[in-house]
1. Looking at (1) open to solvent by 10 Å² or more (accessible area, probe 1.4 Å); (2) more than 16 Å from the ligand (Cβ to nearest atom); (3) over 14 Å from the mean Cα position of the chain (by Cα), which is the one condition that is false for Ser207?
2. Within 15 Å of the ligand (Cβ to nearest atom), closer than 23 Å to Thr30 by Cβ and not aromatic (Phe, Trp, Tyr) - does that describe any residue in segment 214-225?
3. For segment 177-204, which residues satisfy the criterion of being among the charged types (D, E, K, R), open to solvent by 10 Å² or more (accessible area, probe 1.4 Å) and over 11 Å from the mean Cα position of the chain (by Cα)?
4. Would you confirm whether any residue within segment 75-92 is open to solvent by 30 Å² or more (accessible area, probe 1.4 Å), modelled with pLDDT of 95 or more and basic (Lys, Arg)?
5. Could you check how many residues of segment 35-59 are under 17 Å from Glu250 (Cα atoms) and not in a loop (DSSP other than H, G, I, E, B)?
6. For Val92, only one of the following conditions fails: (1) touching an Asp or Glu at 6+ places or on another chain (Cβ under 7 Å); (2) in a loop (DSSP other than H, G, I, E, B). What is its number?
7. Evaluate the following for Ser235: is it in contact (Cβ under 8 Å) with a residue 40 or more places away in the chain, among the hydroxyl-bearing types (Ser, Thr, Tyr) and part of a loop (DSSP other than H, G, I, E, B)?
8. Out of curiosity, is Glu250 at pLDDT 95 or above, of a type in the set (D, E, K, R) and more than 12 Å from the chain's Cα centre (by Cα)?
Amino acid sequence: MKFFSVLLISALLASLTGCPSGNPLSFTVTVLNAYPHDTGAFTQGLVMDGGRLYEGTGFRGRSTLREVDLETGVVSRSRDLNSSFFGEGITVFGDTIIQLTLRSGVGFVYDKNTFDLLAEFDYPPQLDAGWGITHDGESLIVSDGTSVLHFLDPESFEEIGSVNVLDGAAPVNRLNELEYIGGEIYANVWLTNRIARIDPESGAVNSWIDLSGLLTREEQTDADWLNGIAYDPISDRLFLTGKLWPAVFEVELLLQVP
Ligand SMILES: [Ca+2]
């Protein structure tokens, strides 16, 4: 059942959004599995690659790049950032992992298999800050807390394009953690429980995913905002978590019929 979750919904969505009326669709989620998550991890980036789960965490002095065992939540590898950096989003690109920092104006490139630091890069001038990052196979896609997504060349890290994300005519600000899934960009919006599904070409939000209720009221007491989206294309599984959340949720999207 779960294997056709995301892609089937994408196909359905593509047929529906062909309609000229074009209001964003509404989704909630069904939880298929809940896995343990380090409640000390201020999650800023989540990605799955080759069946491995990678996480970037934030706060100065607590920022890490880590590999996590999905089933147990055990951190199998971890690399600390220098305490002057506030770690942000991560993405796996080829054999590397790229990690952003919040306002230091630099990002890091690591060897995916060893976590060795291969390079640092300076942000292009268009990038005010580093929040979330993903890629479409050709360009890095970066959020900076505004409604703009920046497309960067993965070698030079120069900006090669951008798109303003709109819900109808309204800019969607505070775009944060990102994941490129089936030709769309998923972005969770800071200070909300919502994920926008975005057309990379136009910036239009074609759907909203409402994640209210994913955490119990008790769990919400110690948790911060939703901020982790990872997709495993091998098994078509979607994973969500947040800053200081007690679980990584494997979810299936559920279309809300008006
Ligand atoms: Ca992600």
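The values are calculated or read from the model by the stated rules, or taken from the named source; none is laboratory data. Note that the structure is predicted; figures quoted are calculated from it, not measured. Glycine gets a Cβ as well: all are built from the backbone with ideal geometry, and neighbour counts include every protein chain shown. We work out accessible area using only protein heavy atoms, side chains counted, and drop any ligands, DNA or RNA first. Shrake-Rupley method; radii C 1.70, N 1.55, O 1.52, S 1.80 Å.
1. (1)
2. Here is the first cut: in segment 214-225, the ones within 15 Å of the ligand (Cβ to nearest atom) are 225.
Remaining after also requiring closer than 23 Å to Thr30 by Cβ: 225.
Next cut, not aromatic (Phe, Trp, Tyr) only: none.
There is no residue in segment 214-225 that is within 15 Å of the ligand (Cβ to nearest atom), closer than 23 Å to Thr30 by Cβ and not aromatic (Phe, Trp, Tyr).
3. First, pick out the residues of segment 177-204 that are among the charged types (D, E, K, R): 177, 179, 184, 194, 197, 199, 201.
Narrowing further to those that are open to solvent by 10 Å² or more (accessible area, probe 1.4 Å): 179, 184, 194, 199, 201.
Answer for segment 177-204, where residues must be among the charged types (D, E, K, R), open to solvent by 10 Å² or more (accessible area, probe 1.4 Å) and over 11 Å from the mean Cα position of the chain (by Cα): Glu184, Arg194, Asp199, Glu201.
4. Checking segment 75-92: at least one residue is open to solvent by 30 Å² or more (accessible area, probe 1.4 Å), modelled with pLDDT of 95 or more and basic (Lys, Arg).
5. Looking only at that region, the number is 12.
6. (2)
7. Judged against the criteria, Ser235 is a match.
8. Details: at pLDDT 95 or above: yes; of a type in the set (D, E, K, R): yes; more than 12 Å from the chain's Cα centre (by Cα): yes.
Yes, satisfied.
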